[in-house]
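> Pasting a structure here, questions to come.
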Amino acid sequence: MVGVSVRPAPEWAVRERVVQPEDLDPRLLRPTGRTDRLQVVVEHYVVGAGRCPGCGWPVVRRQECPSRQVAVCLLENRPLPVRLAHLADVVPCARAGRDSAADRHRERAELDALPGLFAAPARSPERGDTS
């Protein structure tokens, strides 16, 4: 097809709104515990497309509410997604970037070294790990 543009016409292009700290649930802007983070996940649960009931953020899919995404990342100790990485300096305990295998190995070694009731079971190496 000659002469057909791959990009949509400029009048149809909608700029994606950048999340600002004031758009997040205020509980995420202070140090929180697991219970507060779980409450944020539940309160910002969106059944379908529309607006998040907790913050009013327009969403197309269930997982797109920024407060919910940040809370899930904090609960699972994962880095923030790329579109929310600029909030890592504002949200306590949040981090951006990718985890390397060396970082994960170091974190696991630190966790295994913590005293507990029982000896930690031996971990199996990650797939593709040759060390």
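No lab work stands behind these numbers, since they all come straight from the coordinates. The model shown is predicted, which means the values in this text are computed figures rather than measured ones. Counting neighbours? That spans all protein chains shown, and the Cβs are built from the backbone with ideal geometry, glycine included.
> Quick one: V60, V47, fewest Cβ neighbours within 10 Å first, how do they rank?
Fewest-to-most Cβ neighbours within 10 Å comes out as V47, V60.
> Let me ask something else about it. Using alpha-carbon pairs under 8 Å, 6+ residues apart, how would you state the relative contact order of region 49-116 in percent?
Relative contact order for region 49-116 comes out at 17 percent.
> Follow-up question, since we're still on this one. Hey, got a sec? Which trypsin sites (Lys or Arg not before Pro) in region 23-67 land in a DSSP loop and have at most 11 other Cβ atoms within 10 Å?
R61
> How big is the shadow of the Cα convex hull of region 27-131, averaged over all directions, in nm²?
8.9
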